[in-house]
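Each remark here refers to the structure printed beneath this line.
The values are calculated or read from the model by the stated rules, or taken from the named source; none is laboratory data. Small disclaimer: the values here were computed from a predicted structure and weren't measured. Neighbour counts are summed over all protein chains in view; Cβ atoms, including those assigned to glycine, are modelled from backbone coordinates with ideal geometry. Side chains are part of the model used for accessible areas, which takes the heavy atoms of the whole protein and leaves out ligands, DNA and RNA. Shrake-Rupley method; radii C 1.70, N 1.55, O 1.52, S 1.80 Å.
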Amino acid sequence: MAVAVVALLLTALPPFRLSAQGVLRQFSYDNLRLSGIQADLGALGSSELTGAVVGGLRVDYGQIAPHVRVLLGLSYFRSEFSNDARKRFESRIRALVTSQDTNFTVNVGRIFWSDLTADLDLQYVLQQGRGITTYVGVGASVHLRNGSGSLINGTFVEDALDEIGAGFNTSIGAEFALSRVWRFTLDGRGVVSSGLSTVSLRSGFMYRFPTRQR
C-alpha cells in the first residue's frame, strides 16, 4: 500500500513542477523600464491623527509579468495627534513616573507627526475600455517618522516618536487617458505599519513615456 502511495505521488509531482515552472517563466526583467511618472495629492486619515494632506511621487517601472507592473513611490504627510491619542500618550507617560504625589498631571501640548514613506508596489492591471485602466496592488513600505512639538522638542518624548518602521500596502485605483501620454489617476491606499496605520484617497496626473518601437 505504501509503495503504491509513493508511486502515485511521484507520478503527480512532475506535472505540478512543470506548472510551477510555467508560472515562473512569465516573470521577466525584459520589460522593466521607466514607463511613467506620477504626482498625486489627497486626504489621509488615521485613528491616531487628525486629518492630513498627503502628497506623493510615483514611478511606473514597467511590467515584471503579464498584467503585473512595478511601482516605486515616495510620499509625505504631517499631521497633529488627535485629542484622544494625545490623552492616551500622556497617560502612558504618567504611568512611567514614580511619585508620592498622585495628583500630578502630564501635559505634552500639541504633538505633530510627519512621515516620509518609500514604497514598492506590485499592481495587477486590467484594461476596462478605451482609455480606462484599473488596478489592484500589494506592496511593502519603509517609514521615516519624526515627532515634534513646542513642549516635547529635545526630550525623550520626541525621541520616542522619531522612528524608522516597515509597513504593508494595499492599493486600488484607476487611470483615465487624457491624451496619448497624459493620464488622470485616482488611487485608494491602505497602509498597516508599526505604530501607525492609515488610509488615503488621492488623485493626480501621470505622464507616460511614449512606447519605443522595436
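Table for the structure above
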| item | result |
| --- | --- |
| Residue among Leu96, Leu201 that is of a type in the set (A, V, I, L, M), open to solvent by 80 Å² or more (accessible area, probe 1.4 Å) and either under 21 Å from Gln38 (Cα atoms) or under 24 Å from the mean Cα position of the chain (by Cα) (or both) | Leu201 |
| Within the stretch 172-185, considering residues that are in contact with a Phe, Trp or Tyr (Cβ under 9 Å, 6 or more places away or on another chain) and among the small types (Gly, Ala, Ser), the one surrounded by the most Cβ atoms within 10 Å (Cβ to Cβ) | Gly173 |
| Residue within the stretch 119-134 that is open to solvent by less than 50 Å² (accessible area, probe 1.4 Å), within 15 Å of the chain's Cα centre (by Cα), over 20 Å from Phe77 (Cβ atoms) and not acidic (Asp, Glu) present | yes |
| Condition broken by Arg88, with the remaining ones in (1) surrounded by 15 or more Cβ atoms within 10 Å (Cβ to Cβ); (2) within 22 Å of Asp159 (Cβ to Cβ); (3) charged (D, E, K, R) satisfied | (1) |
| Residue match in the stretch 162-171 (condition: touching a Gly at 6+ places or on another chain (Cβ under 8 Å), surrounded by fewer than 19 Cβ atoms within 10 Å (Cβ to Cβ) and at pLDDT 95 or above) | yes |
| Considering residues of the stretch 141-161 that are closer than 20 Å to Arg92 by Cβ, open to solvent by less than 80 Å² (accessible area, probe 1.4 Å) and of a type outside the set (Gly, Ala, Ser) only, the residue modelled with the lowest pLDDT | Val157 |
| In the stretch 60-85, the residues that are within 19 Å of Arg202 (Cα to Cα) and either open to solvent by 40 Å² or more (accessible area, probe 1.4 Å) or of a type in the set (S, T, N, Q) (or both) | Leu72, Leu74, Ser75, Tyr76, Arg78, Ser79 |
| So Arg208, is it open to solvent by 60 Å² or more (accessible area, probe 1.4 Å), of a type in the set (Lys, Arg) and under 27 Å from Asp30 (Cα atoms) | no |
